[in-house]
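One structure is given below, encoded as structure tokens.
The values are calculated or read from the model by the stated rules, or taken from the named source; none is laboratory data. In this text the structure is predicted, and so the values were computed from the model without any measurement. Heads up, the Cβs are rebuilt from the backbone with ideal geometry, glycines too, and the neighbour counts pull from every protein chain shown. Areas reflect the complete protein model, heavy atoms only, side chains present, ligands, DNA and RNA absent. Shrake-Rupley method; radii C 1.70, N 1.55, O 1.52, S 1.80 Å.
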Amino acid sequence: MQQLKKEHFITHFSAENKPAYKVRLNETFAVETFDCYGGKITSETQLRTEVDIPFINPATGPIEIEGVKKGDILCINIQNIELDEAGVMVLYPGMGVLGEDVKETDTRIIRVKDGHIQFNSQLQFPAAPMIGVIGVAPEKGAVLCETPGDHGGNMDTRWITTGSKLYFPVFHDGALLALGDLHAAMGDGELDGSGVEIGGKVTLQCTKLAGAPAIGMPVVETDRAWFLISSAETVEAAAKKGMRAAANRFRAAFGLGFNDAYRLLSATCSLEISQIVNPLVTVRIAVPKAVLPDLFAPGPLL
């Protein structure tokens, strides 16, 4: 099994990036990743405001997926996420939703042992490993790894985890996959601007969907639901974008007019917040498989 080292990474997603690695369709491979700070914060004496970090969220890659062409749908099966022994959470005034209440800058190094977060001597809770940044080269331009979009990127979506499948529209031959910014735990919203930021290793397998309708945004599949991942400048704009995509799928799958598709959306789907602290916010529309078993049945664009 190929072991792709974190020494090759990108700071932005772009078709101009040259592949650092190549893998084949259906090949299982492992990707080593930095934490969002590139491994530069290792002590509680290091404060975020004093450490020179010229970029955040370095993503290992780009990885060329041989056999994937522009217009395909790339499917990534996340087989395993191994975490390093410790993560980091920093805070400084102004950080996150309640940043005005943060009066001093500090850093916490948080250990992960036997599958649990060792928050302090009294408080432990189960780790919930996830991938914060994962994506392909966008259709146009360059997008910093700290920003989400229709290409993926910094989606900070907790369902991007072991056992899930992740689907991307492919804008360029080879896809140019890259990933990083693991979290040992992160609640929906990433409310203080940080999860338990940590490095590690992710085991993946890539396939592609044949004969499926094109998609315009990332999709996560779990055993119970499809999640349409939508990013925009505001929660309202992101929600409208994702909801419209889900309504279009209902119209195609069941031959419904807009009004009934909208009713079905409201009766069965959920709007969930992935993160509200990145340059664009990210939401997801959860479509139960009990309602729509196959999101990729023939139909119009998402």
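Tell me, which strands (runs of 3 or more DSSP E) wholly within the range 98-161 include 1 or more residues that are open to solvent by 60 Å² or more (accessible area, probe 1.4 Å)? Show your work before the answer.
Values: elements: 106-113, 116-118, 124-126, 130-135, 142-144, 152-154.
Ranges flagged: 106-113, 116-118, 124-126, 142-144.
For residues that are of a type outside the set (A, V, I, L, M) and not in a loop (DSSP other than H, G, I, E, B), scanning just the range 163-183, find the one that is most open to solvent (accessible area, probe 1.4 Å). Walk me through it before giving the result.
At the first step, the residues of the range 163-183 found to be of a type outside the set (A, V, I, L, M) are 163-165, 167-169, 171-174, 180-181, 183.
With not in a loop (DSSP other than H, G, I, E, B) added as a condition, the list becomes 165, 167-169, 180-181, 183.
Details: K165: 78, Y167: 12, F168: 0, P169: 7, G180: 0, D181: 4, H183: 0 Å².
Filtering first and then ranking leaves K165.
Mind listing whichever residues of the range 271-302 are more than 23 Å from P169 (Cα to Cα) and surrounded by fewer than 14 Cβ atoms within 10 Å (Cβ to Cβ)?
Kept after step one, since they are more than 23 Å from P169 (Cα to Cα), are these residues of the range 271-302: 276-277, 290-291.
Matches in the range 271-302: A290 only.
Which one of the conditions (1) modelled with pLDDT under 95; (2) in contact with a His (Cβ under 7 Å, 6 or more places away or on another chain) does G216 fail to meet, given that it meets all the rest?
Failing condition for G216: (2).
Just the residues that are of a type in the set (F, W, Y) and either open to solvent by less than 30 Å² (accessible area, probe 1.4 Å) or more than 20 Å from the chain's Cα centre (by Cα) (or both), please, taken from the range 19-54.
Keep residues of the range 19-54 that are of a type in the set (F, W, Y), which gives 21, 29, 34, 37.
Matches in the range 19-54: Y21, F29, Y37.
Need a quick list: strands (runs of 3 or more DSSP E) entirely within the range 201-302 having at least 1 residues that are more than 18 Å from the chain's Cα centre (by Cα).
On the way: elements: 219-221, 225-232, 270-275, 281-288.
Strands (runs of 3 or more DSSP E) meeting the threshold: 270-275, 281-288.
Taking F258, is it aromatic (F, W, Y), open to solvent by 10 Å² or more (accessible area, probe 1.4 Å) and free of Cβ contacts under 8 Å to residues at least 24 places away in the same chain?
On the way: aromatic (F, W, Y): yes; open to solvent by 10 Å² or more (accessible area, probe 1.4 Å): yes; free of Cβ contacts under 8 Å to residues at least 24 places away in the same chain: yes.
Yes, satisfied.
Of everything in the range 167-197, what is in contact with a Ser or Thr (Cβ under 9 Å, 6 or more places away or on another chain), among the hydrophobic types (A, V, I, L, M, F, W, C) and closer than 20 Å to I10 by Cα? Give them in sequence order.
Let us first name the residues in the range 167-197 that are in contact with a Ser or Thr (Cβ under 9 Å, 6 or more places away or on another chain), namely 176, 178-183, 186, 188-190.
If we keep only those that are among the hydrophobic types (A, V, I, L, M, F, W, C) too, we end up with 176, 178-179, 182, 186.
Hits for the range 167-197 are L176, A178, L179, L182.
Quick one: which residue in I78, I73 is surrounded by fewer than 24 Cβ atoms within 10 Å (Cβ to Cβ) and more than 22 Å from Q275 (Cα to Cα)?
Details: I78 fails: more than 22 Å from Q275 (Cα to Cα).
After ruling out the rest, the residue left standing is I73.
Select from the range 197-223 the residues that are out of contact with any strand residue (DSSP E or B) (no Cβ under 7 Å at 6 or more places or on another chain) and open to solvent by 40 Å² or more (accessible area, probe 1.4 Å) and write down the one among them that is nearest to R48 (Cα to Cα). Don't jump to the end; show me each part of the working.
The initial filter retains those residues of the range 197-223 that are out of contact with any strand residue (DSSP E or B) (no Cβ under 7 Å at 6 or more places or on another chain), namely 210-211, 213, 222-223.
Now narrow it down to the ones that are open to solvent by 40 Å² or more (accessible area, probe 1.4 Å): 210-211, 223.
On the way: A210: 46, G211: 48, D223: 39 Å.
That would be D223.
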